[in-house]
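Notes follow the structure.
The values are calculated or read from the model by the stated rules, or taken from the named source; none is laboratory data. In this text, all values refer to a predicted model and were calculated from it rather than measured experimentally. Neighbour counts run over all protein chains shown; Cβ positions are idealised from the backbone, glycine included.
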Amino acid sequence: MKISRIATTSRPRLVAEEIAGQILSGSISVLDQLPPERELAEQFGISRNAVREAVKILQARGLVEIRQGRGTIVTGDPSFPVRQAFSDVMNGEKHAERKLLEMRIGLETVVAEIAPVRATSANIMKLRQNVSEFEASLDDIERCAELDIVFHRLIAESSQNRLFALMLAPLGEMLLEQRRRSLERLDRRSICANHRAVVDAIEVRDAPLASQRMRRHLETAYREMLDAAC
């Protein structure tokens, strides 16, 4: 693990930012173990107390976990604080699932409009694979729910805007249970067809069509949620 020495300051936040930058750039991989406290202190030219404070900052950002007997492990999940903030805000909120889905409709129609312009061939291939796997798993509600969440994450990644992925990842996870319930009642083959239609529009670089199809797809889920609540 290569770390630039910070010679002019021992402030924990700057150390945390240095390590975070390497995690987010991929220089330090997910599931890697950070060097021991003593080694980090030597590499950065700081005190071990400062290292501890830096690790606490990284932990609060969801980038590392301290595991008993294993040390500090890189998790690389910057969405953790966002997920926690959503969870705190929505805790006890009336019609929480409905409000989360309303937010998704607003965000994801924009994401779906950007994705056709920026999606790479690799992005489109992953989306195609996801749709194919969904179609092959129609009898497995649990697997379909997971693939549905992944589908929307892949659309966000196709926008090449990491802020969208950061916002949408927690929303998808928080709505996972609602999606399981919906998939028990809805025509999963129709949902698969909706996913394929969005990917088709992305592949031909038709931004308005992709956005329109995504809105239609999410609004169907929204109406189904309202009907189920009646």
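Listing for the model above:
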quantity: Extreme residue, modelled with the highest pLDDT, among residues of segment 6-51 that are closer than 22 Å to Arg162 by Cα, part of a helix (DSSP H, G or I) and of a type in the set (Gly, Ala, Ser); calculated: Ala16
quantity: Any hit, segment 115-132, residues being part of a loop (DSSP other than H, G, I, E, B), exposed (fewer than 14 other Cβ atoms within 10 Å of the Cβ) and either on the phi > 0 side of the Ramachandran plot or of a type outside the set (Asp, Glu) (or both); calculated: yes
quantity: For Gly62: the one exception among (1) over 20 Å from the mean Cα position of the chain (by Cα); (2) surrounded by 13 or more Cβ atoms within 10 Å (Cβ to Cβ); (3) not β-branched (Val, Ile, Thr); calculated: (1)
quantity: Segment 65-80, subset of a type in the set (A, V, I, L, M, F, W, C) and either in a helix (DSSP H, G or I) or free of Cβ contacts under 8 Å to residues at least 40 places away in the same chain (or both), residue surrounded by the fewest Cβ atoms within 10 Å (Cβ to Cβ); calculated: Ile66
quantity: Residue tally, condition in contact with a helix residue (DSSP H, G or I) (Cβ under 8 Å, 6 or more places away or on another chain) and of a type in the set (Gly, Ala, Ser), over segment 75-112; calculated: 5
quantity: Identity of the residue in segment 183-220, of a type in the set (Asp, Glu) and modelled with pLDDT of 95 or more, that ends up farthest from the chain's Cα centre (by Cα); calculated: Asp206
quantity: In segment 88-104, residue surrounded by the fewest Cβ atoms within 10 Å (Cβ to Cβ) [restricted to those that are more than 16 Å from the chain's Cα centre (by Cα) and either among the β-branched types (Val, Ile, Thr) or in a helix (DSSP H, G or I) (or both)]; calculated: Asp88
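Residue-by-condition table, conditions (1) out of contact with any Ser or Thr (no Cβ under 9 Å at 6 or more places or on another chain); (2) polar (S, T, N, Q); (3) farther than 24 Å from Asp200 by Cα:
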{"site": "Met90", "(1), (2), (3)": "yes, no, yes"}
{"site": "Gly106", "(1), (2), (3)": "yes, no, no"}
{"site": "Glu113", "(1), (2), (3)": "no, no, no"}
{"site": "Arg118", "(1), (2), (3)": "no, no, no"}
{"site": "Ile124", "(1), (2), (3)": "no, no, no"}
{"site": "Ile155", "(1), (2), (3)": "yes, no, no"}
{"site": "Ser158", "(1), (2), (3)": "no, yes, no"}
